[in-house]
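Participant: Supplied in structure tokens, the structure appears directly below.
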Amino acid sequence: MHPLHIGNQEESYGPKFNQTEEAAATNQYRYQKYEIEPGDPLLYESDDRPKFFEVYRTRVAPYSYADFDGALYARVNTRIPSEAESQPTNILPKYSDSATMIDVLMPNVKYYYTVRQVDVHGNVSNPTAVFQVEIVDENGTVYPLISEYH
């Protein structure tokens, strides 16, 4: 797939988590097992555990993924705490394959979300589809509306 960039300029990607999204994406081209050039599709596969998920949220309907630039809402860590977190250990940290978060939404307001994974080596996945989420409150009757936004 072709990489879909959000444009996050934080230096929290790459092998040492000290590169921008753009620099980490350039490295992904070098890590591929076959000769490809920047601009070609990348091979995305699940070869490492996620370190965290980036949740992007905006109240303005996006036109493209670049509209989520500056809208990083949460980083949901997948690290599983050890039983003796304060004790020195030689065991590498463990990570789960998924994570959850609790969010607080204002009723009758549309929110737009996309999420992407950053693995333990700082490699960034493509973002998910964009989802429109609204908690509707009609005179005390409350229900969610969740749909993919195109």
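Listed here are the residues, each with its yes/no results for (1) within 22 Å of Thr128 (Cα to Cα); (2) of a type outside the set (Gly, Ala, Ser); (3) open to solvent by less than 40 Å² (accessible area, probe 1.4 Å).
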| site | (1), (2), (3) |
| --- | --- |
| Asn18 | no, yes, no |
| Gly39 | yes, no, no |
| Pro50 | yes, yes, yes |
| Glu54 | yes, yes, yes |
| Arg57 | yes, yes, no |
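Participant: Can Glu134 be described as at pLDDT 95 or above, in contact with a strand residue (DSSP E or B) (Cβ under 9 Å, 6 or more places away or on another chain), of a type in the set (D, E, K, R) and under 30 Å from Asp48 (Cα atoms)?
Facilitator: Here the answer is no, as Glu134 does not meet what is asked.
Participant: Let me ask you something else. Check off (1) among the aliphatic types (A, V, I, L, M); (2) touching a residue at least 24 places away in the same chain (Cβ under 8 Å); (3) open to solvent by 50 Å² or more (accessible area, probe 1.4 Å) for Ala99 and give me the number that stays unchecked.
Facilitator: With (1) among the aliphatic types (A, V, I, L, M); (2) touching a residue at least 24 places away in the same chain (Cβ under 8 Å); (3) open to solvent by 50 Å² or more (accessible area, probe 1.4 Å) applied to Ala99, the lone miss is (3).
Participant: Search segment 106-127 for residues being modelled with pLDDT of 95 or more and open to solvent by 40 Å² or more (accessible area, probe 1.4 Å), and hand back the single one that is nearest to Ala24 (Cα to Cα).
Facilitator: The extreme case among them is Val115.
Participant: Same structure, new question: Find the residue count for segment 2-35, including only residues that are over 13 Å from Asn123 (Cβ atoms) and in contact with a Phe, Trp or Tyr (Cβ under 6 Å, 6 or more places away or on another chain).
Facilitator: 2
Participant: Ok, one more. Would you point out the residue of segment 1-35, among those that are hydroxyl-bearing (Ser, Thr, Tyr) and assigned to a helix (DSSP H, G or I), that is nearest to Asp119 (Cα to Cα)?
Facilitator: Top of the filtered list is Tyr31.
Participant: Under 7 Å between Cβ atoms, at least 6 apart or on separate chains: pull out the pairs that start in segment 114-128 with a residue that is at negative phi and end on any residue that is surrounded by fewer than 17 Cβ atoms within 10 Å (Cβ to Cβ) and charged (D, E, K, R).
Facilitator: Pairs that qualify, where the first residue is at negative phi and the partner is surrounded by fewer than 17 Cβ atoms within 10 Å (Cβ to Cβ) and charged (D, E, K, R), are Asp119/Asp48; Asp119/Arg49; Val120/Asp48; Val120/Arg49; His121/Asp48.
The values are calculated or read from the model by the stated rules, or taken from the named source; none is laboratory data. Since we're looking at a predicted model, the values are computed, not measured. Using ideal geometry, Cβ is built from the backbone for each residue, glycine included, and neighbour counts are taken over all protein chains shown. Just the protein is used for accessible areas: all its heavy atoms, side chains included, with ligands, DNA and RNA removed. Shrake-Rupley method; radii C 1.70, N 1.55, O 1.52, S 1.80 Å.
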